[in-house]
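Remarks on the structure that follows.
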Amino acid sequence: MKRIALGILAHVDSGKTTLSESILYNSGNLSKQGRVDHGDAFLDTEKIEKDRGITIYTKQAIMEMGDTKITIVDTPGHVDFSAETERALCVLDYCILVISATDKVQSHTHTLWKLLSHYKIPCFIFINKTDLPNEGKEAIMEDITTNLSEGCLDFSNMDESFYELAALQDSELMEHFLDRGNIDDETLSRAIGARKIFPCYFGSALKNEGVKELMESICRYTRTLPAPDLFGARVFKISEDEKGNLLTHIKITGGSLKVKTPLDIKGNKEKVNEIRLYSGNKYTSANEVYPGDVCAVTGLSSLSPGDGLGVDTGEERFYTEPVFSYGVKLPEGTDVIRSLPIFRKLEQEDPRLKVSVSGKPQKINICVMGEIQLEILKRVLLDRFSLDVEFEEGTILYKETIKDTVEGVGHYEPLRHYSEVHLLIEPGKRDSGLTFTSKCSEDVLARNWQRLIMTHLEEKTHLGVLTGSPLTDVKITLINGRAHQKHTDGGDFRQATYRAVRQGLMQAESVILEPYCSFVLEIPTSSVGKALTDFQQMGADFDSPISLGEVTRIKGKAPFSAMREYHKEVISYTRGMGRLNLSYSGYEECKNPEEIIESADYNPTSDTENTPDSVFCSHGSGYTVPWDKVFEHMHIPLLKNQEEEYVSLPAKRNYEREIIDESELLKIFQQVYGKKEKNVKKNYAAEKTSKPYKGDKRMSGPEYLLVDGYNIIFASEELKDISKDAPDAARNVLINRLCNYQAMKGNNIILVFDAYKVKGNVREIEKFGEINVVYTKEAETADTYIEKTSRELAKNYRVRVATSDALEQMIVFGSGAVRVSAREFLEELILAEKEMRRLINENL
């Protein structure tokens, strides 16, 4: 049976929930069609939804039509609950976008269309309320194709002109049309799935007109999406049932899930106790669910919306963000710390509440999209937790970014501590958030320290230096660092990393970003002059007014701060005849930064929790160096020509030829000398190893060489360049070079590659020539394997370990093995290859 998750989206009051009721009624799932205004809609199950007459929470219902099992996901339409809607989009296979025939494409419709494009969700469009006065089908379709896509086609009349329009949308469609004069269902289905075509249907959900045709089309043109054999699922909602059980709502994206299945969640084992398939507020229990199924499970306690399970990686970040911050006024005598878990529970259900505690005395802060969401939150706190709260006046959530590239330096060296970090801080693309990467050689700074620095970069909310607002749209690259073999510990790099970020921001040209909204204003024509004057004063960007008889429509974009209370003004100067619709459109550069900076009154050098200064040591005691003097004291020089170093990419190379050359070299050598069990020429290079103790019986036995594969690859500029384009080729080049090295040295080589993050991987050992290549199993690092193997081998044999991991070097040295840095070992490789070529040339 075909299984699909079908979402229903719309601008508020377009008839979305009414369409859900009509679909369920026509499928036989409901004996009576409910209505929002009557408070008996099947999917508006919460009392607060019935009272307010709007959808607030995502709900689902299951129905079957022929061989298709459809899970309908009904989403909120109000802009204040965009976050709830977006979370549901992450699990949809297809969707229905509902557009009111009387209002046509509105501001929030544009936002929903952007989200559908972002998540690549195929879309059917239902033009609702055609029973009410409207401008006619032709005008409505022109509005939709102009504002959304030319691929929006009226499927109610599939004549020759329909196929001609469809053929213009894609070359495959054109080819079919020219060959056959029409386009078959399979080809149309692929075009719909690829978002080349968007079928449009007209009707009235309230009167059950056009709904049957819509659903028949969905069954006809949708296809089961491919899914992996291994289990995968994505979390889109966290809630509680009436008994207080935590429900994790997921969509199965691969394999299957059974009751009592243990799952690895963020390093902990948790078990699925029950699987529920919900329809409205009722559910049936299932023993197993499959790809396409949307269900709720109990027993999982540490997940958040957007998280992935199994092979599903989840959703890293969402598009819509809260734009207002409010302080919570708790009832008199209520303790902040004791109330905080309540807000944390709500934050688990909606991570974008971003609950925080600040100030003295302490107060709880939350982030929301608007006043409607705030009112709902106040009601939820009272109904669920008996907590009657008020809210302070809200403030706009600003952000900061930078315009130029800088190198930030952080140094932390109080007595018996040491760390220095250099970060390249660059402007990112708008709406890219913060991205972190490393281009520091492991010969310069060991892998374990680099991992620690990346963890510290990711764990913190970095603040800008103008207003103390969160930093965004910045790329931070680790380019250099230094540790002390004796005095460095993990906390040292936390301090140095934070200070490096702040020191870099103090040098950069920072800018303030503020949230913008798209708006659609419909007012009497006599009020247009007043509206245009207001928009100019706000600094809004707007299109030319469109006259619709006695009403004029104005579309544009403006700062949320300016539009926040504007709906009240519209009601006043139009005497209740105007209508304003707003929708979130992202962050853009602020037009009045001086005013915002003055209002924030933020001093970055006085922010002790986010200091840009560094700590150095002199005569046995630490002392603080101001951020602008750090360059005079730092221990590592600045990187020169930063942009040329990191922006330009290496030219493509013929890696396959290099591999052949290395293996051919070995063949020629073996033809001349045969396979060597011992060195062809002893002491062809000075060994940089410790001298053995006299009388050590291990000295007469074979030598084992353990090589940390990726450590060597990333220590070699040549191999590192290859790995950027072809990781497999880099491994093969190293393997062939080690085969040559083994032929010269006659030792036993074990080459280890780290497969720590490969899900379900088991340890593999392969034989290449005379060397063994080990791929570690899941949750086993190359470090772990090398440490364990070297410890066992060193009891009876001579053992050398080639790595630049400082911690690993110390451990293997303690076990009796000899350590060789990656740089030293690469020099040995080069010398061995030169010697091999010399011997070949002498005998040819």
- Item | Complete set of residues in region 506-528 that are outside any strand (DSSP E or B) and among the hydrophobic types (A, V, I, L, M, F, W, C) | MET506, ALA508, VAL528
- Message: Tell me the residue from ILE546, ILE479 that is among the β-branched types (Val, Ile, Thr) and crowded, with 20+ Cβ neighbours inside 10 Å, please.
- Response: ILE479
- Enumeration of residues in region 174-220 that are of a type in the set (A, V, I, L, M), open to solvent by less than 50 Å² (accessible area, probe 1.4 Å) and within 36 Å of the chain's Cα centre (by Cα): LEU188, ALA191, ILE192, ILE197, LEU214, MET215, ILE218
- Please list, ordered by first then second residue, the pairs with beta carbon atoms under 7 Å, 6 or more apart or interchain, first in region 301-325 and within 24 Å of SER469 (Cβ to Cβ) and in a loop (DSSP other than H, G, I, E, B), second of a type in the set (Asp, Glu) and open to solvent by 20 Å² or more (accessible area, probe 1.4 Å). GLY306/GLU315
- Residues being within 16 Å of GLY359 (Cβ to Cβ) and in a helix (DSSP H, G or I): count how many of those fall in region 595-605. 1
- Message: As an exercise: evaluate VAL501 against (1) open to solvent by less than 20 Å² (accessible area, probe 1.4 Å); (2) part of a helix (DSSP H, G or I); (3) under 29 Å from SER716 (Cβ atoms); (4) of a type outside the set (Gly, Ala, Ser) and give the number of the one condition it does not meet.
- Response: (3)
- Note on the structure: When every residue in region 158-173 that is in a helix (DSSP H, G or I) and open to solvent by 50 Å² or more (accessible area, probe 1.4 Å) is compared, the one farthest from TYR25 (Cα to Cα) is SER171
- Message: Test of understanding: among ILE192, ILE127, ILE140, which residue is outside any helix (DSSP H, G or I) and either hydrophobic (A, V, I, L, M, F, W, C) or under 24 Å from TYR584 (Cβ atoms) (or both)?
- Response: ILE127
- Message: LYS329 - would you say it is of a type in the set (Lys, Arg) and at pLDDT below 90?
- Response: no
- Within region 570-598, of all residues that are open to solvent by 90 Å² or more (accessible area, probe 1.4 Å), under 28 Å from GLU550 (Cα atoms) and touching a residue at least 12 places away in the same chain (Cβ under 8 Å), the one farthest from the chain's Cα centre (by Cα) is MET577
- Residue, nearest to TYR587 (Cα to Cα), within region 441-459, restricted to residues that are surrounded by fewer than 19 Cβ atoms within 10 Å (Cβ to Cβ) and either in contact (Cβ under 8 Å) with a residue 40 or more places away in the chain or of a type in the set (Val, Ile, Thr) (or both): THR455
- Task: Looking for whichever is free of Cβ contacts under 8 Å to residues at least 12 places away in the same chain and under 23 Å from SER117 (Cβ atoms) here; the options are SER217, SER171, SER161. Which one fits?
- Result: SER171
- Number of the exception - PHE493 against (1) part of a helix (DSSP H, G or I); (2) surrounded by fewer than 22 Cβ atoms within 10 Å (Cβ to Cβ): (2)
- Query: Do the conditions hold for SER149, that is, is it open to solvent by less than 60 Å² (accessible area, probe 1.4 Å), on the phi < 0 side of the Ramachandran plot and in contact with a His (Cβ under 8 Å, 6 or more places away or on another chain)?
  - Reply: no
- Note on the structure: HIS411: passes all of (1) within 28 Å of the chain's Cα centre (by Cα); (2) closer than 27 Å to PHE493 by Cβ but (1)
- Note on the structure: region 23-109: strands (runs of 3 or more DSSP E) wholly inside it with 1 or more residues that are closer than 22 Å to LEU247 by Cβ and in contact (Cβ under 8 Å) with a residue 40 or more places away in the chain are 59-65, 68-74
- Message: I want to confirm something. Restricting to region 242-253 and keeping residues that are touching a strand residue (DSSP E or B) at 6+ places or on another chain (Cβ under 7 Å) and open to solvent by 20 Å² or more (accessible area, probe 1.4 Å), which single residue is farthest from PHE126 (Cα to Cα)?
- Response: ASN245
- Message: Can you find a residue that is under 25 Å from the mean Cα position of the chain (by Cα), under 19 Å from THR248 (Cβ atoms) and open to solvent by 20 Å² or more (accessible area, probe 1.4 Å) anywhere in region 320-343?
- Response: no
- Message: Looking only at region 398-432, how many residues end up being under 22 Å from TYR602 (Cβ atoms), open to solvent by less than 40 Å² (accessible area, probe 1.4 Å) and either outside any strand (DSSP E or B) or of a type in the set (Lys, Arg) (or both)?
- Response: 1
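The values are calculated or read from the model by the stated rules, or taken from the named source; none is laboratory data. Not measured: the values here are computed from a predicted model. Here Cβ is always computed from backbone atoms with ideal geometry, including for glycine, and neighbour counts include all displayed protein chains. These accessible areas exclude ligands, DNA and RNA; they are computed on the full protein's heavy atoms, side chains included. Shrake-Rupley method; radii C 1.70, N 1.55, O 1.52, S 1.80 Å.
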